[in-house]
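The structure under discussion appears below in the form of structure tokens.
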Amino acid sequence: LTKHVVGVVGGGQLARMMTPPAIAMDIELRVLAETENSPSELAATMVGDFREESKVLEFSVGISVLTFDHEHVPLSILRSVETSGVSVQPTPQALSHAQNKLVMRRALQELGAPNPSWRAVSSAEELEDFIQSHGGVCIVKTPIGGYDGKGVRVVRNSSEVLDWLDKDLLESLGGELLVEEKVDFTRELAQLSARNQKGDFSAWPLVETRQVAGVCSEVIAPAPKTSEETLRKAQELAKLLAEGLGVTGVFAVELFETQGGQLLVNELAMRPHNSGHFTIEGSVTSQFEQHLRATLNLPLGSVQSRAKYAVMLNILGVSDSYDFVENYPAVMIQFPDVKIHNYGKSPRVGRKLGHLTVLGDDLEVALGQARSAREILLRVK
Ligand SMILES: Nc1ncnc2c1ncn2[C@@H]1O[C@H](COP(=O)(O)OP(=O)(O)OP(=O)(O)O)[C@@H](O)[C@H]1O
Ligand SMILES: [Mg+2]
């Protein structure tokens, strides 16, 4: 009997949402979670620190493939797992581009992918230089460790990132910060795709993502009012990058669309991505099922849409104690078409606690329902 066993490092909502397709296909899912009571406790088989080599090696015994809920596992540890004979997907080599935004920018440049103008800086002088030559404002990013806008700042003066330029901290980040022009984008888009080791590649429709304070708030699939050319260009870019970087599993390319209709790459993720949560209800194959298939080198599933539009809204915590379950009845009675996802996390202001999805033929109706439902869910009693 062949049993597929997938090991996931990280017990967040992404690992959690791999559970239903794993059960459906009788794929054994094992999760190395950081804490007890993690969002993926349903599948958590071990609790431990992913920065501890012996822990990750112990976790990897007996699994078919090791994959990820987040990109923060040190590459040296992943290489040891490979050396022990266990497949790691995406490979450490591919993952390095999602782990470090400077490594990513350099690789994108080499592949001829469109970047915002950027530079690696290691001093206040170099940063001031860039700001002066880019209209007095820029975006500074820590190359590693950022998520949900943490590690991203709009900067007009180097004094605004004095903490990051501190010698010890800078060293822990690799010695350099990433500086980018502040792109005057018309909107943000994301191209989600998947690739397996055989090289099979499949892309979902391009989506529009709307960020509030640097955090994803709404996703519209497909991206409304988008030319055939842009849809095609985004898919071609994802394919070029997936092949060029050797990506396996689900792959997200976050994009800026400029006034002139140009697409610039913001960043890459090599795992299921927030911009793809709509695929659970909105596509024949969800990103979570596809990630299992792709990392196990199985044939990919259909990415056909199940409706004209899918709208996904994140639910971010509004207080440190309020649990939105109390408002289930109010939402359920008024919006039977709304699908509620709750990651089972303890509430905290601004924390991603869940999401809502609505499918429909009419975008405005679907968006209206989703927004009203979210508002009701977040009402603190
Ligand atoms: N060069 C830029 N110009 C303008 N806005 C930017 C730029 N870089 C980032 N942003 C804004 O900041 C947001 C967060 O940036 P980025 O995606 O690099 O950070 P992150 O914290 O790694 O993201 P995530 O939330 O995807 O984990 C972007 O979605 C965008 O709204
Ligand atoms: Mg991002």
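Just a few scattered comments:
- Cα centre as origin, Lys/Arg/Asp/Glu Cβ charges: the stretch 277-381 dipole, Debye: 300 debye
- Accessible area (Å², per residue) of the chain, counting only protein heavy atoms and a probe of 1.4 Å: 43 Å²
- Protein accessible area in the stretch 80-220, 1.4 Å probe - carbon and sulfur %: 48 percent
- Options Val318, Asn274, Gln369, ranked by Cα towards positive dipole end of the stretch 256-381, top entry (Cβ charges): Val318
- Within the stretch 256-315: Cβ-based charge dipole about Cα centre, in debye rounded to nearest 20 (Lys, Arg +1; Asp, Glu -1): 160 debye
- Within the accessible area of the stretch 240-332 (1.4 Å probe), percent carbon and sulfur: 50 percent
- The charge dipole of the chain, taken about the Cα centre with unit charges on the Cβ atoms of Lys, Arg (+1) and Asp, Glu (-1), comes to about 700 debye, rounded to the nearest 20.
- Percent accessible area from carbon and sulfur atoms, the stretch 31-71, protein chains only, probe 1.4 Å: 47 percent
The values are calculated or read from the model by the stated rules, or taken from the named source; none is laboratory data. Note that this is a predicted model, so its numbers are computed, not measured. Positions of Cβ are backbone-derived with ideal geometry, glycine not excepted, and every protein chain shown enters the neighbour counts. What goes into the accessible areas is simple: the full protein's heavy atoms, side chains included, and nothing from ligands, DNA or RNA. Shrake-Rupley method; radii C 1.70, N 1.55, O 1.52, S 1.80 Å.
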